[in-house]
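Student: Starting off with a structure, shown below.
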Amino acid sequence: MAELVFEIKLDPNKCTGCGTCVDECPMGVYEIVTVGRKKQSRVKDLDMCLGCHTCELRCPYEAVKVYPPLEDLEKILQS
Ligand code: SF4
Ligand code: SF4
């Protein structure tokens, strides 16, 4: 099976920098940075991402999308 490459889209307008993604990601993909006066999440190490979608599911503000989406991932893994 070809190696899956994951992509993360963070919406800076929705992200409050709450840190939930940092706490919940098992692979340490995220960090909180300060941009201007605002804190927000940043992807620091995408290569570590397992595509588990925990960050997307736990973000209280729907600021994270992981690709491929969960529903596609199931099909890809079954093919
Ligand atoms: S959990 Fe969501 S709102 Fe909180 S820092 Fe992460 S991306 Fe931003
Ligand atoms: S999908 Fe999983 S491994 Fe990838 S950044 Fe989100 S929580 Fe971390």
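Bear in mind that the values in this text are calculations on the coordinates, not laboratory data. Treat the numbers as computed from the prediction; the structure is a model and nothing was measured. FYI the Cβ positions are ideal-geometry reconstructions off the backbone, even for glycines, and counts take in every protein chain you see.
Student: Among the residues of region 1-11, write down those that are surrounded by fewer than 17 Cβ atoms within 10 Å (Cβ to Cβ) and either within 9 Å of ligand 1 (Cβ to nearest atom) or in a strand (DSSP E or B) (or both).
Tutor: Passing the criteria: 7, 9, 11.
Student: Restricting attention to region 27-69, which residues are within 10 Å of ligand 2 (Cβ to nearest atom), over 18 Å from residue 14 (Cβ atoms) and either in a helix (DSSP H, G or I) or in contact with a His (Cβ under 9 Å, 6 or more places away or on another chain) (or both)?
Tutor: Result: 46, 48.
Student: Count, please, the residues in region 32-47 that happen to be under 11 Å from the mean Cα position of the chain (by Cα) and free of Cβ contacts under 8 Å to residues at least 40 places away in the same chain.
Tutor: 5
Student: Could you count how many residues in region 42-79 are aromatic (Phe, Trp, Tyr) and either loosely packed, with under 12 Cβ neighbours inside 10 Å or closer than 17 Å to residue 17 by Cβ (or both)?
Tutor: Matching residues across region 42-79 total 1.
Student: Just give me the residues in region 12-57 being of a type in the set (A, V, I, L, M, F, W, C) and within 13 Å of ligand 1 (Cβ to nearest atom), in sequence order.
Tutor: Result: 15, 18, 21, 22, 25, 29, 32, 33, 35, 43, 55, 57.
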